[in-house]
Amino acid sequence: MPYLDIAALALFLVFWLFYEPLLPRVMRSRQSLNDHMVSIRLGWMHTLVGRSTRFIDSQLLGHTIHSASFFGSANMIVIAALAGFMFGGEASWARLNEVEFLRPGPTWLLEFKLALMLLTLARGMLDFVWGIRQLNYCLAAIGAVPDDVDPEARDRWAETLSAMLNPALKTFSRGVRAYYFTLAAACWFFGPLALAIASIGAVLLLGWRQTRSPSARAIAELDSLVQETTLRGK
C-alpha cells in the first residue's frame, strides 16, 4: 500500500477508534452536549422516581428503542448492499473503474477500502444491538420502581436508573456516529488526501455539534434549569 494511503488510514483509525477521549481536546475543555445530557437524564430520573404514573417515561424510552431499531435495520441494508458489491465479481470492479473522477486503484486496494466501510458499519450495528438491549433493561428497571419511594431513597433510585440509562444512550450515539465515519471512509475512493480531510472534517463537525451548535447551547441552558429545579425539590 502506498505510504500516503497508510498515513491517511492511520489518521482515520485514530479518529474513529479514539474519538471519545480525543473529543475533550477538540472542545478545549468545554463541556459537551453529551456531558450536559448526563446531568439532564439524572434530573429526569429524579422526577420519574417522585411520581407514581410513569407511562410517559416508558413511552419516551420505547420511542428511543424504535429509533435504534430503525437505524440498525438501515445499517443492515447498507451492509448487505456493500457486501453484494464486494462479492459481485469482476463486473462490479469494472463498473467502478469506469468512474472517471474516482481513484480506485488495484483490485486489492478497492477491496480494502470497501472492507473498511463494512467494518465501520458493522461496529455501528453492534452498538445499536447492544444499545437496544440496554434500553430494554432500563424499561424493566423503571417498571421495578415502587409507587411510593421513600424520600431518603429517591437519590439512590435516581442515580442507579441514570447509571443504567446513560451507557445505553451513549452506545446508541456511538452507533449513529458510525455513519459519519463511514462517509469519511467512503472518501478514500477519491484518494488518500480525501480520506484524511474527511476524517478531520468528521471530528470537527462532531465537535462543533457537541459544543458550539445552537442545540448544544440550548441544552447547556436546560442543564442549568434542571439542576436548579432538582436542588429546589430536595
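Only the coordinates and a few stated rules stand behind these numbers; no lab work does. Because the structure is a prediction, the values reported are computed rather than measured. Here the Cβ is made from the backbone with ideal geometry for all residues, glycine too, and neighbour counts use every protein chain on show.
Before moving on, here are some points about what is shown:
- Of (1) 19.0; (2) 18.2; (3) 20.1, the label for Kirkwood radius over Cα pairs in Å derived from the coordinates: (3)
- Given R0 = 41 Å, the distance between the Cβ atoms of residue 218 and residue 107 translates into a calculated FRET efficiency of 0.25.
- Sum of -39500 (n - 2.57) over DSSP H runs of 4+, divided by residues of the chain (222 nm, nearest 500): -28500 deg cm²/dmol
- Orientation-averaged projection of the stretch 158-234 equals 6.3 nm² [convex hull of Cα atoms, one quarter of hull surface area].
- Percentage relative contact order, the chain, counting C-alpha pairs under 8 Å, at least six apart: 38
- Summary of packing: across the peptides 51-61, 197-207, the per-residue average of other C-beta atoms within 10 Å ranks them, highest first, as 197-207, 51-61.
- Our note on the geometry: Cα centres of the stretch 113-164 and the stretch 66-87, 23 Å apart.
- Ordering 138, 31, 166 by the projection of their Cα atoms onto the charge dipole of the chain, which places +1 on the Cβ of Lys and Arg and -1 on the Cβ of Asp and Glu, puts 31 at the extreme positive end.
- Rounded to the nearest 20 debye, the dipole size of the chain about its Cα centre is 380 debye, using +1 on the Cβ of Lys and Arg and -1 on the Cβ of Asp and Glu.
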